[in-house]
Amino acid sequence: MKSARIVITGVGLTAPNGNSLADFRRNLLNGIAGIKRTEVRYMGTQLAGLCDFDPLRYQKKKELRVGTRAGSIAIYCAREALADSGVAWDRVPKDRVGIYIGCTEHGNVETENEIFNISKFNYDTKFWSHYHNPRTVANNPAGETSLHLGVTGPSYTIGAACAAGNMGLIHATQMLRLGEVDFTICGGVSESTQTFGIFAGFKSQNALATHEDPHKASRPFDKARNGIVISEGGGLFTLERLEDAQARGAKIYGEIAGYHVNSDASDYVLPNPTRQAECIRAAIQRAAMEPRDIHIVNTHATATPMGDVQECEAVRAVFGADCPDTYINNTKSYIGHCMGAAGALELAGNLPSFDDLTVHPTINVDDLDPACALPGLVLNQPRKVAKVDTILNNSFGMLGINSTLIVKRFLP
């Protein structure tokens, strides 16, 4: 079973510029970003990517009061993915389902809110919520989803900084091949816009984006880029072994072709292009491909001055002059940095390229930084191409965690 073919059969998402794959993709092709101004406690107005999905579509008001924003995002995306997959959910053995959700950080917003609330009562802890512990444990988003769906199989989150979205899919693939589960819900979520701590942290690093036009604030590769736009969101997928998907006549978005995870072991925040290039090469090797076989490279680039340059150095080292059919794009230019959901949303936004043979661009590049100039970089306008058979998705995170995931066009 270690060599079992694993396929994507359902997609559910909420992003700052769309609450379904169809809307998300339409906005990516039309250059529509989703960045707004929002009030952040103690910090005033800040730029952020906020989702506007309807949590009451799948949850009751009491569940929202007891649970968390991350859990609500996960439940929404999971239910959307299940509906999209067409699986007869009432007939799926729930003990054979695995939920693997990548998350950058969790619990900060709940702790901040509790401290703020008891500050109004002279910090008397009798006003501290008894729901605080289940709200803040690291496995909360997957746990809330498990409770909501009645899943009794393994349900947990994967902490991998901003590589977490990719890691959810990678882990699900591994567990399906090990035979631990038969059906998975996987990907990544983030509630980062709900906590002032993450805004304050990036501001202390001089890494928060500023711009008079919110839609132009996230500017990967542009010479005038000046930092990250903090965003929330979620992207979850249903993954299955090919034979199971075919047995129920499922539609198939694509097949997991290769992946790799490694670590820089060199700096807390500064990426290491050598290790990133090694991660990309290893994923391509696992997929039994060559760099020229990759048609879309979705970059992690967050619009920080050094981070973008380091990744471009890694991509340039792998995809040189011998890759005429390789096109490079970036999704954060539309939605900002969705942290644990970033990799999952970025993969989702590119999956329709298998059908429409169109590469969505990186937007907001008015003056390309020469250090970020790459062959095949698609800027500002979609590009129709002759062939899209492979998508390579890069997601890198703090403390040097790197992940690369390759999805290929499904061929029976």
Exercise for the section: Output the residues belonging to segment 325-373 that are closer than 24 Å to P305 by Cβ and surrounded by fewer than 20 Cβ atoms within 10 Å (Cβ to Cβ). Expected result: D366, D367, L368, D369, P370, A371, A373
Exercise for the section: Mind listing whichever residues of segment 138-159 are among the hydrophobic types (A, V, I, L, M, F, W, C) and modelled with pLDDT of 95 or more? Expected result: A142, L147, L149, V151, I158
Handout entry: Residue ranges of helices (runs of 4 or more DSSP H) in segment 4-123 with at least 2 members surrounded by 19 or more Cβ atoms within 10 Å (Cβ to Cβ)
Key = 21-29, 69-85, 108-119
Exercise for the section: Those residues that are within 21 Å of I73 (Cβ to Cβ), aliphatic (A, V, I, L, M) and in contact with a helix residue (DSSP H, G or I) (Cβ under 8 Å, 6 or more places away or on another chain), I need them from segment 168-214; list them, please. Expected result: L169, I185, V189, I198
Exercise for the section: Please verify whether segment 140-149 includes one or more residues that are over 23 Å from K62 (Cα atoms), buried (at least 24 other Cβ atoms within 10 Å of the Cβ) and not basic (K, R). Expected result: no
Completion exercise
Residue pairs within 8 Å by beta carbon, gap of at least six or interchain, first lying in segment 315-335 and in the same structural domain as P382 (by TED's automatic domain parsing), second charged (D, E, K, R) and assigned to a loop (DSSP other than H, G, I, E, B), listed first then second, are D325/K387; S333/R219
Handout entry: When residues of segment 306-322 are limited to those that are in contact with an Asp or Glu (Cβ under 9 Å, 6 or more places away or on another chain) and surrounded by fewer than 21 Cβ atoms within 10 Å (Cβ to Cβ), the one modelled with the lowest pLDDT
Key = D322
Completion exercise
Exception for R281 within (1) in contact (Cβ under 8 Å) with a residue 40 or more places away in the chain; (2) touching a helix residue (DSSP H, G or I) at 6+ places or on another chain (Cβ under 7 Å) falls at (1)
Practice task
Evaluate the following for G201: is it within 21 Å of S85 (Cα to Cα), surrounded by fewer than 16 Cβ atoms within 10 Å (Cβ to Cβ) and either β-branched (V, I, T) or more than 18 Å from the chain's Cα centre (by Cα) (or both)?
Solution key: no
Practice task
Considering every residue within segment 122-144, establish whether at least one is within 23 Å of T238 (Cα to Cα), without any contact (Cβ under 8 Å) to a residue 40 or more places away in the chain and not hydroxyl-bearing (S, T, Y).
Solution key: yes
Practice task
Being under 30 Å from A48 (Cβ atoms), among the basic types (K, R) and in contact with a Lys or Arg (Cβ under 8 Å, 6 or more places away or on another chain) is the filter here, so list the residues in segment 213-259 that pass it.
Solution key: R219, R225
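The values are calculated or read from the model by the stated rules, or taken from the named source; none is laboratory data. Please read all numbers here as calculations on a predicted model, not as lab measurements. Reconstructed Cβ throughout: ideal geometry from the backbone, glycine too, with neighbour counts over all protein chains shown.
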